[in-house]
1. Could I have the simple spin-label model distance between Asn62 and Ile37, label points 7 Å from Cα toward Cβ, reported in nm to one decimal?
2. Can you match P(r) over Cα pairs in 5 Å bins from 0, in percent to one of these, (1) 4, 17, 26, 19, 14, 9, 6, 3, 1, 0; (2) 3, 11, 14, 17, 15, 12, 8, 6, 5, 4, 3, 2, 1, 0; (3) 4, 15, 24, 26, 19, 9, 3, 0, based on a calculation from the structure here?
3. Which of Thr33, Thr46, Thr55 moves the most in a Gaussian network model of the chain with Cα springs under 10 Å?
4. How large is ³J(HN,Hα) for each residue in segment 28-38, as worked out from phi by the Karplus curve 6.51 cos²θ - 1.76 cosθ + 1.60 (θ = phi - 60°), to whole Hz, x for Gly and Pro?
5. Counting only C-alpha contacts under 8 Å and six or more residues apart, can you give the relative contact order of the chain as a whole percent?
6. Given the pairs Lys32/Lys59; Lys17/Lys59; Lys24/Lys59, which span a C-alpha to C-alpha distance of over 26 angstrom in this model?
7. May I ask you to compute the full-extension gain from Ser10 to Phe26, defined as 0.36 nm times their residue separation minus their alpha-carbon distance, rounded to one decimal in nm?
8. Restrict the search to segment 1-59; then list the trypsin sites (Lys or Arg not before Pro) that DSSP places in a loop and that have at most 11 other Cβ atoms within 10 Å of their Cβ.
Amino acid sequence: MKMKDIETLSEQDLINKIEELKTKQFDMRIQKTTSGIEKSHEIRATRKDIARLKTQQSKLRNTKAN
């Protein structure tokens, strides 16, 4: 997910997307430990997407506070 795409999301959309990606990340971690995962690079990509979303969420909160 690109920052340009993330910047267009509303705060509620950010929250929903974070929850969705956390669930996906959890499922991938379970799959990795039980049966192995073909696309192990997706775990890292998902983690980075969550970080990008949280960064944008923090930026929105800071602009509202100021």
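1. Taking the two extended label points, one gets 3.0 nm.
2. (1)
3. Of the options given, Thr33 has the highest mean-square fluctuation.
4. Result, rounded to whole Hz: 5, 5, 5, 4, 4, 6, 8, 10, x, 10, 6.
5. Values: 29 pairs, mean separation 31.0, N = 66.
Taking the mean separation of contacting Cα pairs over the length of the chain, I get 47 percent.
6. Values: Lys32/Lys59 33 Å; Lys17/Lys59 16 Å; Lys24/Lys59 24 Å.
Beyond 26 Å: Lys32/Lys59.
7. Numbers: separation 16, 0.36 × 16 = 5.76 nm, distance 2.43 nm.
Extra length available between Ser10 and Phe26 comes to 3.3 nm.
8. Working: sites: Lys2, Lys4, Lys17, Lys22, Lys24, Arg29, Lys32, Lys39, Arg44, Arg47, Lys48, Arg52, Lys54, Lys59; in loops: Lys2, Lys39.
Passing both the DSSP loop test and the Cβ count: Lys2, Lys39.
Taken together, the values in this text are just the output of simple stated rules run on the coordinates, not laboratory data. Please read all numbers here as calculations on a predicted model, not as lab measurements. Note: ideal-geometry Cβ built from the backbone for every residue, glycine included; neighbour counts use all protein chains shown.
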